[in-house]
Structures are given as structure tokens and as C-alpha cells.
Amino acid sequence: MKKVLFLLFASILVLSACGDDNEQTEEDNISQAEDEQEVLTETDDPMEFGNRDNGYEVYNHGQSAYEFIEWYSSDLTDEEGFNTVTTEDGYEFTFSLALMHDVNSDQEVIGIFGEHNNESDEDLVFLDTPEVITDEQEQASTTFGLDQGVDSGVRSKVFDVISLEYDSPESFTMTVYYPRTGLEDEGDQVLEELEFTAE
């Protein structure tokens with residue numbers, strides 16, 4: 001009888017220990033899944049962020065962070081989310097646009113993620129920054145100036161924001177101007193005017 005009680009008692013101990021292990025493993029799996037969900041994917045590369053297929057959620061720019069809200073697209077937007085405008089002499093501007101939350105200022109902005117590619121024979125300067133007119137009738141332009149220039153034969157990644165004072169637009173018109181070859185060039189020459197809508 002003592003042997004039976006001993007075996008019964010030993011079986012109960014073994015079964016209870018197994019039950020604790022299963023509970024602990026299940027709790028660990030839930031905790032690990034929650035931790036994985038809290039991690040946002042982020043980058044400081046504007047072309048990587050601008051490619052919709054990459055699925056980044058946060059763009060880091062120096063001390064600033066911008067959280068993704070939604071993409072904007074136009075008739076020129078390709079499957080990766082990029083728009084490309086070109087000049088007849090070899091300058092190309094490839095960019096995507098997204099509504100972003102500026103974490104530092106707690107404001108919504110339109111983020112421009114792109115690249116200048118200057119295959120022309122001239123060094124270029126960007127004195128006429130892109131402008132938008134929103135469906136809320138707000139007129140705004142870029143904050144940083146999309147760089148100040150790009151030399152002949154050079155590619156340059158760019159990031160800029162268009163600050164918004166009113167509600168986030170569902171649509172807007174964006175005017176992109178020709179880059180200049182010098183300060184004496186006539187400004188405000190429209191390269192492309194694009195209609196963007198939120199997706």
C-alpha cells in the first residue's frame with residue numbers, strides 16, 4: 001500500500017511540475033508577441049522609407065522623428081510609391097509623399113522622401129521649392145528647401161516636410177519648379193504640376 005501511495009504521490013508531483021512549465025511557456029510566448037508588436041520599423045534613409053514595399057513606420061531625421069499616417073499618390077505614382085519628374089537636359093527628381101506625424105511638434109506634416117539625379121552638364125541650385133495648395137485652400141511650401149543644390153553627375157537623397165496649419169488634406173496640387181543653373185536664372189518656371197490624393 002505504501003508503494004502505491006508513493007507512486008501516486010510521485011505522479012502528482014510530476015504532473016503538477018509539467019503543468020507549471022506549460023503555463024510559463026504560454027506566458028512567455030504572449031509576452032514575446034506583445035514585445036514584437038511594440039517595435040516600430042524605422043529608417044533614416046529617405047529612399048528606403050519612400051518605397052512603400054518596405055513598410056517602414058518611422059522616419060528619423062537628425063533629432064526629429066516622423067510617424068507614418070498615410071500615402072499620397074498621383075497619376076505618375078509607380079507601384080513602389082515613387083513619382084518622377086525630369087527635365088530635357090538630364091535632371092531627374094524621384095520622390096514619394098506621405099502624411100506624417102511630427103513627434104517633436106505633435107503636428108501633422110507632408111513628408112517628401114526622394115532623390116535628385118543630375119545627369120545634366122550644369123551644377124543646379126534649388127531656389128524655387130515645391131509648393132502645395134490643399135483641398136482646404138492652404139498654400140504651403142517645403143521647410144528645409146530640398147537641399148540647396150546638386151552638382152553635375154551627382155545623385156543626392158533628400159527629405160523635406162511641408163508644414164500644415166489646417167486640417168490634413170485629402171488632396172492637394174503640388175507644383176515642382178525647374179532647378180536653376182545659377183542665381184541669375186529666371187525663377188518660378190514650372191516643371192510639373194501634380195494632383196495628389198490620399199490613399
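The values are calculated or read from the model by the stated rules, or taken from the named source; none is laboratory data. Computed from a prediction, not measured in an experiment: that's the story for all the values here. Cβ atoms come from the backbone with ideal geometry, glycine included; neighbour counts cover every protein chain shown.
Suppose we filter region 126-140 for residues that are of a type outside the set (D, E, K, R) and at pLDDT below 90; how many remain?
4
Could we say that A10 is surrounded by 10 or more Cβ atoms within 10 Å (Cβ to Cβ) and at pLDDT below 60 here?
So A10 passes the test.
Looking only at region 70-87, count how many residues are farther than 22 Å from V58 by Cα and not aliphatic (A, V, I, L, M).
Of the residues in region 70-87, 5 are farther than 22 Å from V58 by Cα and not aliphatic (A, V, I, L, M).
What strands (runs of 3 or more DSSP E) completely inside region 102-157 contain at least 3 residues that are closer than 19 Å to T86 by Cα and not basic (K, R)?
Ranges flagged: 107-118.
How about region 57-78: which of its residues are surrounded by fewer than 19 Cβ atoms within 10 Å (Cβ to Cβ) and farther than 15 Å from F196 by Cα?
Answer for region 57-78, where residues must be surrounded by fewer than 19 Cβ atoms within 10 Å (Cβ to Cβ) and farther than 15 Å from F196 by Cα: E57, V58, N60, H61, G62, Q63, S64, A65, E67, I69.
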